[in-house]
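Below is one structure, written out as structure tokens; the observations come after it.
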């Protein structure tokens, strides 16, 4: 008995050590980029990232440049914020609207149309980007935010998630609304939307993350530097003629920071939202 | 007009209208259009019908098949790395050997990389895998007495860098999938097994694995699609779509090169249509496979 206890203790210490070491390895790149924000870009190109800061060479020049330079960084930052907010609000509203239609009513072709939702979910966007790109150009929508937003407002996986959630709502609520004389839309807006609130948090985070980090589609759509979002703007700092690592590193760091802070506050919702697709066994 | 909008009969269709319109305008029409374009030679100002010659060219295109090989290789390696390891990690967290705070610190730290955009992650890893003697990776292998490596110039080492990036970003998310799967397994199953004297290994094989199957199938599915459609990771790591000897070129990268960089729309659409067929075939195969699994259970 005693023997197995000491064995258990050794086992525990081993696991704890393993956890801590692995966690530190995973977090090292963040530390490295944080240290990198205090170094000159040319040094980074020549020597790479460091884990220790040489204080004799450390300076705040990158931060000063980031905050005082009238350059484009904050314009990109603002664009990203605006686009993310529009995407989240629009997607949540439109997708919950559609999901309600799928979950409450019986109508012709319902199953066939819902199959299309599942089909979109299972085809990676990358495979369809070119046809979509051609279509956006034909519609004269290139370099607009409408082109970035519109194809994804009725967002397949968000619709799917909301439909699952709504299938648990008792039909009596809807019947009661009808008896009170509300229209079908009145029922949705006044009775259903408030009930759906808890499911909004997870989907807001899923869509918000996707939008904030979205790269490929904006890369195809956006042309003018004034419209760039953060990831696109940061990417343009790397050119074949040399890289602006001064701004790139500190800019990258500041693009992750808001998400990190939000994650520390709303960890539960982040994990719930970003793993929402998993089949509930 | 108002009457129609507010009638109960029309309501269901009005609710799903946004989706139907999106699907028609942004999915069906573009796919049909690109199907037509795949049989054309698209030049500025004029298009000529060329039949299947784009597909013939594709069949004989060595670079295209290289891209296909790269994508499949990447997909298979991510399946090998990103399913078993996160599953074992999730079991370790779920066993609660380490106390609450260490457990949650571990979970959060592993999850954090998923919050970064590929642009940021790629920038960091490009520097980590730099070819200088002082880059982090070369310093690390120097501790074991190895000489510096030009990571991103070689096919094998470049691939290793890509996979490291993938593991760094997705270990945590996949672990969370498995963790929520593990937590839905009723405790009684394990208790009953303990009474019967089952070893840890037996419990894992006979209870945990079968109960986790829906999660495994889900993670497998997203990993297959994610692996096959990988592009930006390689784009960021090699600072663009051109890696030495195309070691980092993927199917989507090739699509991007032909369609956007070379503006050869007809040919690019042929690549795109071929891809779509690939994905749909895999989709069907996977559906029937998981379907037959279900029959076995019964």
_Enumeration of residues in the range A:170-184 that are closer than 13 Å to residue B:8 by Cα and either away from chain B (no Cβ under 13 Å) or in a loop (DSSP other than H, G, I, E, B) (or both)_ = A:181, A:182, A:183
*Name the residues in the range B:151-160 that are in a helix (DSSP H, G or I) and within 17 Å of residue B:133 (Cβ to Cβ), would you?*
B:151, B:152, B:153, B:157
*asked:* Checking residue B:119 against (1) more than 7 Å from chain A (Cβ to nearest Cβ); (2) crowded, with 16+ Cβ neighbours inside 10 Å; (3) touching a residue at least 12 places away in the same chain (Cβ under 8 Å): exactly one of these is not met. Which one?
replied: (1)
*asked:* Restricting to the range B:214-245, and then to whatever is in a helix (DSSP H, G or I) and over 20 Å from the mean Cα position of the chain (by Cα), can you tell me which residue is surrounded by the most Cβ atoms within 10 Å (Cβ to Cβ)?
replied: B:244
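One line per residue, one yes/no per condition, for (1) over 26 Å from the mean Cα position of the chain (by Cα); (2) assigned by TED's automatic domain parsing to the domain that holds residue A:211; (3) touching a residue at least 60 places away in the same chain (Cβ under 8 Å):
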site	(1), (2), (3)
A:52	yes, no, no
A:96	no, yes, yes
A:105	yes, yes, no
A:108	yes, yes, no
A:113	yes, yes, no
A:124	no, yes, no
_Subset of the range B:167-188 [over 22 Å from residue A:27 (Cα atoms) and within 13 Å of chain A (Cβ to nearest Cβ)]_ = B:180, B:181, B:182, B:183, B:184, B:185, B:186
*With the checklist (1) within 11 Å of chain A (Cβ to nearest Cβ); (2) closer than 19 Å to residue A:209 by Cα; (3) within 17 Å of the chain's Cα centre (by Cα) in hand, flag the one item residue B:164 doesn't pass.*
(2)
*Where in the range A:1-118 are the helices (runs of 4 or more DSSP H), entirely inside, with at least 3 residues that are within 12 Å of chain B (Cβ to nearest Cβ)?*
A:2-36, A:41-47, A:73-104
*Could you please tell me which pairs satisfy a Cβ distance under 6 Å, a separation of 6+ or placement on different chains, a first residue in the range B:222-240 that is more than 7 Å from chain A (Cβ to nearest Cβ) and touching a residue at least 12 places away in the same chain (Cβ under 8 Å), and a second residue that is surrounded by fewer than 23 Cβ atoms within 10 Å (Cβ to Cβ) and not in a helix (DSSP H, G or I)?*
B:235/B:241
*asked:* Test of understanding: among B:64, B:125, B:77, which residue is at the interface with chain A (Cβ under 9 Å from one of its Cβ atoms) and surrounded by 15 or more Cβ atoms within 10 Å (Cβ to Cβ)?
replied: B:125
*Among what's in the range A:185-199 and is within 24 Å of the chain's Cα centre (by Cα) and buried (at least 18 other Cβ atoms within 10 Å of the Cβ), pick the residue that is nearest to the other protein chains (Cβ to nearest Cβ).*
A:196
*Scan the range B:263-293 for residues that are under 22 Å from residue B:56 (Cβ atoms) and out of contact with any helix residue (DSSP H, G or I) (no Cβ under 8 Å at 6 or more places or on another chain) and jot them down.*
B:263, B:277, B:280, B:281
*asked:* As an exercise: evaluate residue B:21 against (1) at the interface with chain A (Cβ under 9 Å from one of its Cβ atoms); (2) surrounded by 15 or more Cβ atoms within 10 Å (Cβ to Cβ) and give the number of the one condition it does not meet.
replied: (2)
*asked:* Looking at the structure I just gave you, is residue B:111 farther than 24 Å from residue A:48 by Cβ, touching a residue at least 60 places away in the same chain (Cβ under 8 Å) and within 7 Å of another protein chain (Cβ to nearest Cβ)?
replied: yes
*Taking the range B:161-212, which residues are assigned to a loop (DSSP other than H, G, I, E, B) and in contact (Cβ under 8 Å) with a residue 40 or more places away in the chain?*
B:212
*Identify, please: which residue in the range B:142-161 is more than 14 Å from chain A (Cβ to nearest Cβ) and more than 21 Å from residue B:249 (Cβ to Cβ) and is, among those, surrounded by the most Cβ atoms within 10 Å (Cβ to Cβ)?*
B:146
*Across the range A:215-231, what is the total count of residues that are within 8 Å of chain B (Cβ to nearest Cβ) and either surrounded by fewer than 23 Cβ atoms within 10 Å (Cβ to Cβ) or in contact with a strand residue (DSSP E or B) (Cβ under 7 Å, 6 or more places away or on another chain) (or both)?*
3
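Output the helices (runs of 4 or more DSSP H) that fall wholly within the range B:24-113 and possess 2 or more residues being over 30 Å from residue A:267 (Cα atoms), or say none.
B:29-37, B:53-59, B:62-82
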*Would you say residue A:142 is part of a loop (DSSP other than H, G, I, E, B) and under 25 Å from the mean Cα position of the chain (by Cα)?*
yes
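The values are calculated or read from the model by the stated rules, or taken from the named source; none is laboratory data. Just so it is clear, the model here is predicted, and its values are computed rather than measured. So basically every Cβ, Gly included, is an ideal-geometry build from the backbone, and we count neighbours across all protein chains shown.
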